[in-house]
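Peer 1: Can you keep this structure in mind? I'll have questions shortly.
The values are calculated or read from the model by the stated rules, or taken from the named source; none is laboratory data. Note that the coordinates shown come from a computational prediction; the quantities given were computed from them, not determined experimentally. We place every Cβ from the backbone using ideal geometry, glycine too, and count neighbours over all the protein chains shown. For the accessible areas, the whole protein counts, side chains as well, though only heavy atoms, and no ligand, DNA or RNA atoms are used. Shrake-Rupley method; radii C 1.70, N 1.55, O 1.52, S 1.80 Å.
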Amino acid sequence: MSDPNHNHNRYPDEQRETVYRVIAERRDVRRGFRAEPVPDDVLARVLAAAHQAPSVGFSQPWDFIVITDRARRERIAALARRHAGEFADELPGARARAFDRLKIESILDTPVNVVVSCDKTRGGRHTLGRRTQPKTADFSSVLAVANLWLAARAEGLGVGWVSFFDERELAAELGLPAHLEVIAYLCVGYVTEFAPEPELATAGWARRRPVAWAVHAERYGRRGLPGEEPVDPLADVIAAIAPPDAAAMTAARERQDRMTKPRGSLGLLEDVSVRLAGLAGTCPPPLPEPACVAVFAADHGVHAQGVSPWPQEVTAQMVANFLAGGAVVNAFAAQAGAEVTVVDVGVAAELEPLPGLLPRKIAPGTADFTQGPAMTREQAAAALTVGLEVARDLVAAGNRCLITGDMGIANTTASAALICAFTGADPAEATGRGTGIDAAMFARKVEVVCRGLARHRPDPADPVGVLAAFGGFEHAALAGFILGGAALRVPVILDGVIAGAAALAAAALAPDAVGACFAGHRSAEPGHAVTLNHLGLRPLVDLGLRLGEGTGAVLALPLVQSAARALRDVATFDSAGVADKL
Ligand SMILES: Cc1cc2nc3c(=O)[nH]c(=O)nc-3n(C[C@H](O)[C@H](O)[C@H](O)COP(=O)(O)O)c2cc1C
């Protein structure tokens, strides 16, 4: 233990607290700027602080362009508005509405704007440290921004960073030489007050991630703060999953009975609203929006057994289709105002990096479970972790509802095996026709499931072992996704049989996880009914769908949202002055 008294380099307590205070109270400011100018000596101090930033090889690659001219700022504001408009056009419903309420720049509201640039060539060829990592030049200029931002806060000056620019357009407006790049566009001025939290957090656009998620002991993965026992995220979420809040459920039930409608007349939606309240621990619960469907995609070794009429390449081709916005799930999500994210957790092809794709491949497809385990226990644990991390990330990004999606040719076969393993169902009862197969292929599929079960003799008390035996990677990741949502007490709308099989694994790992699950629909796959019975979940939609992708769950999103909204918005007999039934 270090004795602070021996640490003569440490600042006295009050000064040290001031350093931490300025770090905590620095904000990106966009509202409440005052018109008064920034005195030259104050701006000069702030720029001198920026200029003291560390830099690779002491190359000091930054320049600061100070802009006050109104006409120039108007032209620059017009550039930013155009890019903000293009961004807004791509947003799903709830996000677009939220974006509309945000203020994202104050170019004209502030008396001075400062552009921080970077000269990647400054210092010449032998700049110490830049050879192996050219990006370190950019990092250095960003550190100058950080210094400027902190010094400005100490001066009582607000700073707002604007990044809605095409860099070349901005460089032309500023007369930047071709070898300089724009790093930051900063709007600077005095403000009436500094908000205690980021505006994006207050507005519900995104949430602060706990610092413990970001700190790893020795190697990536084992999380925890210094002095704490590091935990792996799976153990962490399982420990965090708790039963629904009984008081909030009682309050929701009582409110349903006092709402201006006959008691029970909202049928299953009343149960949904009560469960949402129990999950949130408050009545009324928050509206489950924005919502995001995560389509977990992976391939299956058991495809080699001839259990699907579709070639394996279709998995990768459909991933491309999801990313291009051309699949049914995209159409339904656009209608419901949900975002679509695709997670490559094990597609048997190299996928191009594209916006909307999370590259989290464990392996290019599982092994054939009739020949051996589909994956190792380590791979199953890794896929579970991928799923829960995706849930955490999507919730931190502001989503209040998670929706399961899946893509993987042959994954109904793996699902049937998982369902039999967890529920004890007969393979002939739990196996379905998937994408549509003939009698001969169906008979083979049942026989393949039987062979798998006979080979692995799964123990439902060992869910990781069951996942490892039969796969796929998307099932394990979906189980982690459900656990991640449950730990954060965010509703997870389940799609069909693949999500159901994953939910069985999640429930075996943490029984209370079912409290976060809402069965979006009942699929035409027979194993799905078995699964929903086992989980005790009633489906919201029953349209004979058997597509997967998350389509059935996305269709149920407005129902789940309506259930929450009813509890929140509908008047009670007393509040509306409506007479109750005698
Ligand atoms: C690289 C970078 C670019 C940013 N661009 C924008 C922007 O274009 N518009 C905006 O409103 N905020 C922008 N921000 C501000 C962030 O939204 C803000 O830092 C974040 O929400 C955290 O809030 P805080 O800075 O108040 O702690 C940017 C921040 C950074 C670091």
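Peer 1: How many residues are assigned to a loop (DSSP other than H, G, I, E, B) and either more than 22 Å from residue 126 (Cα to Cα) or among the charged types (D, E, K, R) (or both) if we restrict to region 55-75?
Peer 2: 3
Peer 1: How about region 404-463: which helices (runs of 4 or more DSSP H) wholly inside it have at least 3 residues that are surrounded by 19 or more Cβ atoms within 10 Å (Cβ to Cβ) and not polar (S, T, N, Q)?
Peer 2: 411-423, 439-456
Peer 1: Separate question: Among the residues of region 14-54, which ones are free of Cβ contacts under 8 Å to residues at least 12 places away in the same chain, open to solvent by 100 Å² or more (accessible area, probe 1.4 Å) and either within 16 Å of the ligand (Cβ to nearest atom) or outside any helix (DSSP H, G or I) (or both)?
Peer 2: Matches in region 14-54: 20, 21.
Peer 1: Additional query: Would you check if residue 287 is more than 23 Å from the chain's Cα centre (by Cα), under 29 Å from residue 332 (Cβ atoms) and of a type in the set (A, V, I, L, M, F, W, C)?
Peer 2: So residue 287 fails the test.
Peer 1: Would you mind stating whether residue 289 is buried (at least 19 other Cβ atoms within 10 Å of the Cβ), within 30 Å of residue 91 (Cα to Cα) and among the acidic types (Asp, Glu)?
Peer 2: Criteria met by residue 289.
Peer 1: For region 485-504, what are the residues that are more than 18 Å from residue 340 (Cα to Cα), part of a helix (DSSP H, G or I) and in contact with a Gly (Cβ under 9 Å, 6 or more places away or on another chain)?
Peer 2: Within region 485-504, 486, 497, 500, 501, 502 meet the criteria.
Peer 1: Now, a different point. Going through region 74-98 one residue at a time, which ones are more than 18 Å from residue 168 (Cα to Cα) and buried (at least 16 other Cβ atoms within 10 Å of the Cβ)?
Peer 2: Scanning region 74-98 gives 91, 92, 93, 94, 95, 98.
Peer 1: Can you give me the ranges of the helices (runs of 4 or more DSSP H) entirely in region 146-229 with at least 3 residues that are more than 30 Å from residue 378 (Cα to Cα) and away from the ligand (no atom under 16 Å from the Cβ)?
Peer 2: Counting at least 3 such residues, we get 167-174.
Peer 1: Do the conditions hold for residue 72, that is, is it modelled with pLDDT of 95 or more and either under 14 Å from residue 114 (Cβ atoms) or within 16 Å of the ligand (Cβ to nearest atom) (or both)?
Peer 2: yes
Peer 1: Which condition number in (1) surrounded by fewer than 24 Cβ atoms within 10 Å (Cβ to Cβ); (2) without any contact (Cβ under 8 Å) to a residue 60 or more places away in the chain; (3) not polar (S, T, N, Q) is the one that residue 524 fails?
Peer 2: Only one criterion is unmet by residue 524, namely (2).
Peer 1: Residue 70 passes all but one of (1) of a type outside the set (Phe, Trp, Tyr); (2) over 13 Å from residue 110 (Cα atoms); (3) open to solvent by 80 Å² or more (accessible area, probe 1.4 Å); which number fails?
Peer 2: So residue 70 meets the others, but not (2).
Peer 1: What number of residues in region 236-258 are outside any loop (DSSP other than H, G, I, E, B) and crowded, with 23+ Cβ neighbours inside 10 Å?
Peer 2: Total satisfying the criteria: 3.
Peer 1: Just checking, does region 347-360 include any residue being over 21 Å from residue 496 (Cβ atoms) and buried (at least 23 other Cβ atoms within 10 Å of the Cβ)?
Peer 2: no
Peer 1: A follow-up question, please. Report yes if residue 462 is touching a strand residue (DSSP E or B) at 6+ places or on another chain (Cβ under 6 Å) and either modelled with pLDDT under 95 or charged (D, E, K, R) (or both), otherwise no.
Peer 2: Considered against the rule, which asks whether it is touching a strand residue (DSSP E or B) at 6+ places or on another chain (Cβ under 6 Å) and either modelled with pLDDT under 95 or charged (D, E, K, R) (or both), residue 462 comes out as no.
Peer 1: Only one residue in 338, 294, 298, 331 is open to solvent by 20 Å² or more (accessible area, probe 1.4 Å) and under 21 Å from residue 494 (Cβ atoms). Which one?
Peer 2: Matching residue, one of 338, 294, 298, 331: 331.
Peer 1: How many residues, within region 118-139, are assigned to a helix (DSSP H, G or I) and either farther than 26 Å from residue 83 by Cβ or not small (Gly, Ala, Ser) (or both)?
Peer 2: 3
Peer 1: Name the one entry in 544, 536, 550, 577 that is on the phi > 0 side of the Ramachandran plot and buried (at least 16 other Cβ atoms within 10 Å of the Cβ).
Peer 2: Only one candidate passes the filter, namely 550.
Peer 1: Could I ask something else about it? Tell me, which residue of region 79-102 that is out of contact with any strand residue (DSSP E or B) (no Cβ under 9 Å at 6 or more places or on another chain) and basic (Lys, Arg) is farthest from the ligand (Cβ to nearest atom)?
Peer 2: The qualifying residue farthest from the ligand (Cβ to nearest atom) is 97.
Peer 1: Right, next: Say whether the condition of being within 16 Å of the ligand (Cβ to nearest atom), surrounded by 14 or more Cβ atoms within 10 Å (Cβ to Cβ), part of a helix (DSSP H, G or I) and touching a residue at least 24 places away in the same chain (Cβ under 8 Å) is met by at least one residue in region 103-116.
Peer 2: Taking every residue of region 103-116 in turn, none turns out to be within 16 Å of the ligand (Cβ to nearest atom), surrounded by 14 or more Cβ atoms within 10 Å (Cβ to Cβ), part of a helix (DSSP H, G or I) and touching a residue at least 24 places away in the same chain (Cβ under 8 Å).
Peer 1: Would region 554-563 turn up any residue that is farther than 30 Å from residue 323 by Cβ and either at pLDDT below 95 or open to solvent by less than 10 Å² (accessible area, probe 1.4 Å) (or both)?
Peer 2: Yes - at least one qualifying residue is present in region 554-563.
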